[in-house]
Structures are given as C-alpha cells and as structure tokens.
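What follows is a set of notes on a single structure, which appears directly below.
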Amino acid sequence: MLGRSGPVLGIAVAAAYVAWRLRRDRRPEEAEHVKAAITVRKPRQEVHDFWREHEELHRFVGDGGAVRFVDAPRNRGTEVHVELDRGVPGGKLGEAAAMLSGEGPTEKAKDDLRRFKQMMEAGEVARTDPGQPRPHEEAS
Amino acid sequence: MKATVYAGRNHVEVRDVPDPQILNSRDAIVKVSSTAICGSDLHLYDGYVPMVEKGDVFGHEFMGEVTDVGADVENLKRGDRVVVPFPIACGSCNACQEQLYSLCENSNPNAGHAEKLWGHSIAGVFGYSHILGGYPGGQAEAARVPFADVGPLKIESDLPDEDVLFLSDILPTAYMGAEMCDIQPGDTIAVWGAGPVGQLTAASAKLLGAERVIVIDRFDYRLRMALERAGATDVIDYEARPDVVEELKEMTAGRGPDACIDAVGLEAHHAHGAIHAYDRVKQATRMETERPHALREAILACRNGGTVSVVGVYGGFMDKFPIGSAMNRSLTIRTGQCHVHKYMRPLLGRIERGEIDPSFVVTHRLGLDQASDGYETFKHKRDECMKVVLTP
C-alpha cells in the first residue's frame with residue numbers, strides 16, 4: 001500500500017541513494033584491477049633478468065600484483081603480462097575523468113610497459129621534452 | 001634559432017625558438033640546409049589533424065649537416081651531410097626488423113593517444129602533431145634527430161640538395177605507392193592527384209614497368225607536368241570530364257586500370273558540386289574526418305581482381321566507403337605511411353644512375369623566413385605552385 005506517500009517515499013529513497021553514491025564517489029582512492037601486456041623483442045631470460053634488476057618495476061606491480069613472462073610466437077620475443085591493483089584518485093568520478101583524459105590506471109600501466117619495452121629494445125625512452133624548440137610563450 | 005610554427009588554422013609564423021638539444025644518446029642535431037613543404041603539411045595547416053598545438057614546429061622533409069651527435073651514434077660525425085627520413089624508427093623492434101619502419105614500436109612517446117584513435121600506434125613523425133609524438137619538425141634552422149644511428153642517410157656525392165631532399169618523404173612514398181601495385185609488363189596504372197607525390201608516383205610506375213600511366217587532376221599545369229616530366233601517357237581533367245570511372249573504362253576497353261593509386265588523401269575535391277558539398281559539410285562539422293572522393297573513385301574504377309594503393313594521407317573515418325565494390329570484385333587494398341628507411345638507399349642509387357630525377361617537381365624556392373607565403377602559395381596553387389623548398 002503506497003497510497004499518497006508513494007511519490008514522497010520514492011523521492012526520499014532516490015535522495016538517499018544519490019547521497020550514498022556521492023559519499024562513495026568522494027572516496028579518494030578506489031582500487032581498480034588492471035591487466036596490461038606488451039611484447040618485447042628479447043629472449044625470455046633477458047627480459048626476466050632486466051625486470052628483476054630494476055627496483056622501480058617491483059614498485060610498479062606492487063604487493064598484490066603479478067608479472068608473467070611468456071615466449072612470444074614466431075620468434076617475436078617475450079610477452080610481458082602484468083596484473084595489479086591501482087588506486088584511482090577521486091573514485092568513480094576520477095575514473096570517468098581519467099578515461100576522458102586517457103590517464104587512467106590502465107593507460108598508466110600500458111605507458112609504463114611501453115617505456116620498459118623502449119628501454120630494452122631501443123636502449124632509451126622516447127621523449128620530446130624538455131628543451132624542445134617551441135616559442136617560449138607557447139607552453140605545450 | 002628560427003622555426004616555422006603553427007599559429008592557428010591557416011596560419012604559420014617563422015619565430016625565434018630555443019635551439020634543439022641532444023636529449024638521448026642516439027640523437028643527432030642537424031643544421032638544416034633545405035626543407036620542403038609537403039602536401040600533408042597542408043592537412044595540419046588546414047586544421048584537419050587532431051592534437052596540433054599552437055607553437056608546434058612543422059616540417060618532416062629536411063636535410064642538412066650534422067652538428068652534434070649523442071654518445072651512442074657511431075655512424076655519423078660532425079660535418080656529415082644527411083637526408084632525414086620522416087618517420088622516426090629505432091631499428092630494433094619487431095616492426096623495424098621487418099622493415100616496416102613507419103610502424104616503429106618505440107619512437108612515439110604518445111602511443112597511447114594514437115591507440116585510442118587507430119587501435120594501435122605507429123612511429124613518431126617529425127613535426128606532425130602530438131598524436132605522432134610531438135617532435136619538433138625540420139622547417140627550421142636546425143632539428144633534433146632521434147635514433148640518428150638508424151635514420152639519416154649520408155650523402156657522399158656532390159649531388160645538389162634538390163636532387164636528394166625528396167628521399168626524406170615524397171620520392172619513397174611515391175615509389176612505395178607504385179611498388180604496392182605489383183606492376184606487370186603491359187599494366188595500366190591510374191594515379192589520382194598530380195601534386196608532387198602524384199608526379200613521382202607516375203614516374204615510379206613507369207620505372208617499374210607500367211605500359212600506360214593515366215593521371216587524374218583538375219589543374220592544367222599539373223597535368224601538363226605529368227605528361228611532360230613524369231612520364232604519364234594520358235591525363236584526365238576531371239572538371240572537364242567528370243565521369244572518371246567511365247573515362248577510365250573507355251580507355252581500357254571496359255576492363256579498368258590494373259591498379260589505382262590514391263595520391264590525394266583526405267582533402268579531395270569532386271567535380272560534382274553536390275557530392276563535394278556532402279563530404280565538405282560533414283568534414284567541416286567534424287562528422288566525418290575525410291573527403292574521400294579520390295579513394296571512392298579509385299575503388300570503383302579498378303579492374304576486377306586489381307589493386308588499390310593508398311599513399312594519400314587519411315586521419316580518421318570516412319563515409320560511404322564502397323566496401324561492396326571492393327569485396328565483390330576481389331580487390332586488394334594496400335596502404336601505409338612510407339617505410340622510408342627501406343627505400344632511401346636504393347632510390348639514392350637510382351638518382352645517382354640518372355634513372356629518376358625527383359627535382360623536376362620544384363617550382364618555388366624561398367627563404368625559411370618566407371614559409372608563411374610558401375604555405376599560402378602552395379595551398380591555393382598560386383603561380384602554378386607544385387613544390388616549395390625553403391632554405392634557412
């Protein structure tokens with residue numbers, strides 16, 4: 001029996017739901033499960049050793065994360081698969097904003113893997129700044 | 001130093017910018033002696049390429065003298081004269097090892113952005129938007145050249161700049177466009193666009209054994225150059241003879257050309273005002289990123305089982321792609337940004353042996369400080385402009 005109180009109750013429930021969502025979305029950190037992979041044109045042992053030698057790569061995967069090295073088919077080198085939980089600043093809203101800007105945890109993990117591949121294959125990380133010629137007043 | 005920078009749609013300025021610096025150990029600094037404006041620079045200039053920012057230095061066709069090298073560059077030294085290929089390639093990834101240099105997996109620092117637009121990234125390119133890395137270009141007094149141990153081609157003969165400058169882009173691009181057609185003796189090849197790439201595509205098709213090369217454009221001076229200098233056997237002025245597909249059928253007794261090459265890309269024109277307007281409006285409102293008349297026509301005109309080769313630049317998405325024609329008629333579509341590194345040395349050999357002389361396309365020689373005039377003259381095809389070379 002909702003009677004005349006029905007719409008009022010409905011509004012109250014909706015308001016409570018919105019308030020709960022807002023509280024939840026305002027949580028500063030929310031872990032997102034991230035999977036990313038890249039192929040590196042180097043033998044598996046070499047990729048494995050390079051990874052182990054670099055402390056920052058352990059931090060990148062974190063405590064709960066995992067990295068796997070698999071031979072790539074057709075002598076293409078080694079597949080590096082990572083899985084990790086990454087915090088998203090600003091919860092769901094932050095996630096939406098990150099998706100639009102391309103700066104979410106998955107994108108960040110992929111960028112990190114690309115830089116790892118660049119270091120292993122090319123010996124350096126591709127870069128265009130600082131010192132790139134452009135007029136002083138036109139910040140990139 | 002002075003450099004040509006983007007200052008907003010239809011506007012470039014030559015401005016003072018800081019000198020380029022060595023940032024990585026495989027870099028070199030090249031003092032530019034000659035640089036050209038490419039048809040694809042006009043796509044940037046006209047505002048059709050995303051992620052181009054005010055202040056970006058343009059230019060991906062350049063050559064000059066090495067003035068500095070990073071610690072790991074052993075093949076070059078100060079004073080070497082080099083032509084620089086427009087894609088930036090590391091030489092060691094899977095793509096580079098397969099000689100697909102424009103698909104280098106390690107040279108685009110903004111690969112994530114390119115993946116969002118295209119599914120996968122390609123190589124970084126000098127002066128060609130932040131999607132392709134944000135590398136400052138070569139329409140400047142000097143440029144930083146990454147992976148200098150892989151890209152730049154040393155010129156040890158005394159050939160003038162104009163004879164070898166186009167090894168940086170348009171000659172290899174044109175040659176690859178013709179090579180992708182797998183030309184057999186007796187073949188008829190049709191080329192859409194009689195700009196610099198179209199001219200050199202026609203010349204390359206002849207070089208590779210085509211019997212007949214038909215060039216399609218709407219500017220008389222360009223069609224004349226195709227006949228008189230590039231070796232075209234026939235031309236079609238599509239404003240005078242708008243039904244290009246029928247014209248080509250008639251010229252080939254109903255078969256259609258064995259291969260059709262699109263050397264136009266995303267800013268094509270169409271003789272039929274209403275059709276041009278349809279794509280022009282959609283492009284202006286960004287509902288479609290391309291005006292693909294040349295490509296549609298190339299597909300419809302190609303003989304059953306033939307090849308459509310696309311070297312004109314496209315950026316995003318097109319409407320009304322005639323997939324039914326391509327599928328039902330067993331067409332092969334081949335395309336790509338040129339893998340310049342693969343072609344530079346053999347094409348330098350052809351230039352040295354006098355088999356091809358790409359310098360015939362040059363019509364305008366300007367100082368770097370006149371770059372803005374150069375862009376306007378080239379864009380509006382004033383003064384029978386074909387190719388602008390700038391010297392700092």
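The values are calculated or read from the model by the stated rules, or taken from the named source; none is laboratory data. In this text the structure is predicted, and so the values were computed from the model without any measurement. Every residue, glycine as well, gets a Cβ built from its backbone with ideal geometry; the counts of neighbours run over all protein chains shown. All accessible areas refer to the heavy atoms of the entire protein, side chains included, with ligands and DNA or RNA removed. Shrake-Rupley method; radii C 1.70, N 1.55, O 1.52, S 1.80 Å.
Some values worked out for this structure:
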item	result
Reach of residue A:108 by Cα under 14 Å, taken over aspartates and glutamates that are not fewer than 8 positions away in the same chain	A:32, A:83, A:85, A:95, B:115
Amide H contacts under 5 Å for residue B:34, placed H, 5+ residues apart	B:63
Gap separating the Cα centres of the stretch B:12-70 and the stretch B:193-233, nearest whole Å	29 Å
Å² of accessible area per residue within chain B, as computed with a 1.4 Å probe and no ligands counted	37 Å²
Angle in degrees between helix B:170-179 and the longest Cα principal axis of chain B, rounded to the nearest 10	40 degrees
Those aspartates and glutamates that a straight Cα-Cα span of less than 12 Å connects to residue B:77, excepting residues fewer than 8 apart in one chain	B:27, B:65, B:68, B:149
For chain B, built as a Gaussian network whose Cα springs stay under 10 Å, the top-fluctuating residue of B:250, B:53, B:65	B:250
Isotropic mean projected area of the C-alpha convex hull, the protein assembly as shown (nm²)	31.7 nm²
Accessible area (Å², 1.4 Å probe, nearest 10) - residue B:49	30 Å²
Whole-percent carbon and sulfur share, accessible surface of the protein assembly as shown, 1.4 Å	51 percent
Cα-only radius of gyration and Dmax that characterise chain B, units Å	20.0, 61
Cleavage-rule hits (trypsin sites (Lys or Arg not before Pro)) in the stretch B:13-56: DSSP loop, at most 11 neighbouring Cβ within 10 angstrom	none
Of B:2/B:31; A:35/B:116; B:2/B:154; B:116/B:387; B:206/B:249, those spanning more than 22 Å from alpha-carbon to alpha-carbon	B:2/B:154; B:116/B:387
Rh (Kirkwood; distinct C-alpha pairs) - the stretch B:41-112, Å	14.8 Å
Rounded if a/c under 1.5, otherwise prolate or oblate - the stretch B:164-245, Cα gyration tensor axes	oblate
Crossing angle, helix B:340-352 versus chain B [Cα axis fit, 0-90 degrees, rounded to tens]	80 degrees
